């Protein structure tokens, strides 16, 4: 059996180490990809820092990472959309419950992707650019299109007539927010969003209306004013404090659906602690109380709210429709751009731990990527 190198988390909460691992054969519905570029998401350092406290099902050794861009080197027997040598980008789901955290993780030289969670990389895009999209794009699609969340119509082949319905995106300059703007616009909805003042032009350039600086004390009032009398299809909450703000916006505008893509309290305080349990109890207590309080407020206001799991589209029709239909058409039509811009922080598997640390330190309207 052939082997390759991977950046492995060898034990719970350990720093990444480069080690050899077996190169898998693709299953019937998978493609084997030579990974050229990976991107880093906050979930990567959360999983590393909290391990089985938050991901109880995750066993070590594990290969983290969700965002892959590379080229196909082998295909499964049922694969029809890809061929060997083709450039692709897609969503790796190795850290999900029931998946193989070594075979299907992103941070390695070769990884397998499900055919239904990958798309051809456009000739005009670099691998750096393609790698910024998979998890953020998938999370945005879950929030917007899954019936359990906003349940919006997906973009169609015929194109979508504009509607006066508004989608509110709180945190529009985040990776998920930028992709939510693009997908909602492609489906025919108006988008009113928040962002910091320095990122206002970025969200406007994607077709959103800049409603407010989310740091401003008048942000909710400003958003409500920007929406005006238009009907509200729902809201996507991104970032600490976004849930309660979105509930208030929906309450005042008549919206009834809220997709929450962030915990109410950041888990960053847990990461890096030598003793996890003493820090875990107050943080999780605050998360539980904040979630319960928000749920009661939402229910009292007639709002249906739920947390988004970005890779859950693997198991429903949203995934194959997004990756097999919407993405290729949107790219061709110029309705999907690789945003945020990649921030290359290293080359090689041995730079991935530093990339996780860099992402945790904070970036704005950029996506940390590593070339392999």
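Odds and ends about this structure:
- Where strands (runs of 3 or more DSSP E) sit wholly within region 30-115, those with at least 2 residues that are out of contact with any helix residue (DSSP H, G or I) (no Cβ under 8 Å at 6 or more places or on another chain) and farther than 17 Å from residue 134 by Cα occupy 67-75.
- Given (1) closer than 30 Å to residue 335 by Cβ; (2) crowded, with 21+ Cβ neighbours inside 10 Å, number of the condition residue 64 does not satisfy: (1)
- Residues that are modelled with pLDDT of 95 or more and assigned to a loop (DSSP other than H, G, I, E, B) within region 316-334 comprise 316, 317, listed in sequence order.
- Residues that are without any contact (Cβ under 8 Å) to a residue 40 or more places away in the chain and farther than 27 Å from residue 247 by Cα, drawn from region 299-324: 315, 317
- Restricting 30, 71, 25 to residues that are touching a strand residue (DSSP E or B) at 6+ places or on another chain (Cβ under 8 Å) and in contact (Cβ under 8 Å) with a residue 60 or more places away in the chain narrows the list to 30.
- Residue match in region 7-26 (condition: modelled with pLDDT of 95 or more, outside the structural domain of residue 175 (by TED's automatic domain parsing), under 20 Å from the mean Cα position of the chain (by Cα) and part of a strand (DSSP E or B)): no
- A residue that is at positive phi, modelled with pLDDT under 95 and not in a helix (DSSP H, G or I) cannot be found anywhere in region 133-153.
- Boolean, residue 164 is in contact (Cβ under 8 Å) with a residue 12 or more places away in the chain, over 21 Å from the mean Cα position of the chain (by Cα), over 27 Å from residue 362 (Cβ atoms) and surrounded by fewer than 17 Cβ atoms within 10 Å (Cβ to Cβ): yes
- Elements of the type helices (runs of 4 or more DSSP H) sitting completely within region 208-300 and holding at least 3 residues that are at pLDDT 95 or above and surrounded by 17 or more Cβ atoms within 10 Å (Cβ to Cβ): these cover 219-227, 242-253.
- Tally, over region 226-242, of residues that are free of Cβ contacts under 8 Å to residues at least 40 places away in the same chain and farther than 12 Å from residue 193 by Cα: 4
- The set of residues in region 1-22 being touching a residue at least 60 places away in the same chain (Cβ under 8 Å), within 18 Å of residue 349 (Cβ to Cβ) and surrounded by 15 or more Cβ atoms within 10 Å (Cβ to Cβ) consists of 4, 5, 6, 7, 8, 16, 18, 21.
- Qualifying residue in region 169-179 (condition: surrounded by fewer than 24 Cβ atoms within 10 Å (Cβ to Cβ), in contact with a strand residue (DSSP E or B) (Cβ under 7 Å, 6 or more places away or on another chain) and assigned to a loop (DSSP other than H, G, I, E, B)): no
- Residue that is nearest to residue 166 (Cα to Cα) [pool: residues in region 198-207 that are part of a helix (DSSP H, G or I) and in contact (Cβ under 8 Å) with a residue 60 or more places away in the chain]: 202
- Test: residue in region 75-88 that is within 23 Å of the chain's Cα centre (by Cα), over 22 Å from residue 343 (Cα atoms), touching a residue at least 24 places away in the same chain (Cβ under 8 Å) and crowded, with 16+ Cβ neighbours inside 10 Å: no
The values are calculated or read from the model by the stated rules, or taken from the named source; none is laboratory data. Computed from a predicted model, the values in this text were never measured in an experiment. As a convention, Cβ positions derive from the backbone with ideal geometry for all residues, glycine included, and neighbour counts pool all protein chains shown.
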